[in-house]
1. What do you reckon, is Ile127 in contact with a Leu (Cβ under 7 Å, 6 or more places away or on another chain), surrounded by fewer than 17 Cβ atoms within 10 Å (Cβ to Cβ) and modelled with pLDDT of 95 or more?
2. Taking Ser40 as the residue in question, decide whether it is under 19 Å from Leu108 (Cβ atoms), touching a Gly at 6+ places or on another chain (Cβ under 9 Å) and either surrounded by fewer than 17 Cβ atoms within 10 Å (Cβ to Cβ) or modelled with pLDDT of 90 or more (or both).
3. Failed condition for Thr94, given (1) in contact with a Phe, Trp or Tyr (Cβ under 8 Å, 6 or more places away or on another chain); (2) farther than 20 Å from Val37 by Cβ; (3) in a loop (DSSP other than H, G, I, E, B), with all others met?
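The values are calculated or read from the model by the stated rules, or taken from the named source; none is laboratory data. Just so you know, these numbers come straight off a predicted model, no measurement behind them. When we count neighbours, we look across all protein chains shown, and the Cβ atoms used for this are built from the backbone with ideal geometry, even at glycine.
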Amino acid sequence: MNTKALVNFSLIIPLLFTAAVRAEAPAHVQQLLETNVCQSCDLRGVNLSSAHLIGADLRGANLSGAILAGANLEGADLSGANLENANLTNAFLTNAVFKDADLDGVNLAYARIYDADVSGASMKDLIITNAEIFNTNIGVGGEAPQR
């Protein structure tokens, strides 16, 4: 095998493995992008950066480790979804519903979060640096007082 062919081959192999790892459930990604509905879908680790998911139905979806940086999730329903360690940097989350969702370790830096429902959501170790948060029960500090 000549040197040029060997170099080309060695460059292509890692790309094949990367594509396989990132495409956990390509049918689910396609379903979401085509219908805006993907209840209980397996979207672990998918890259949906800058996706327009306005009003998306993602109830019960597994988005752990997903990259949603710059995504528009206005009015999206993520009730019961798993977003553990997801990247929502600079995401737009107006009127989004995260009721009973797992938001542990989510990166919300620079996100715009207005009037979102986070009731019952787990929110340990959130990153909210420079996030705009209005009319949403997310804050800095200890646990909320018991009533």
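1. For Ile127, the condition - in contact with a Leu (Cβ under 7 Å, 6 or more places away or on another chain), surrounded by fewer than 17 Cβ atoms within 10 Å (Cβ to Cβ) and modelled with pLDDT of 95 or more - is met.
2. No.
3. All conditions are met except number (2).
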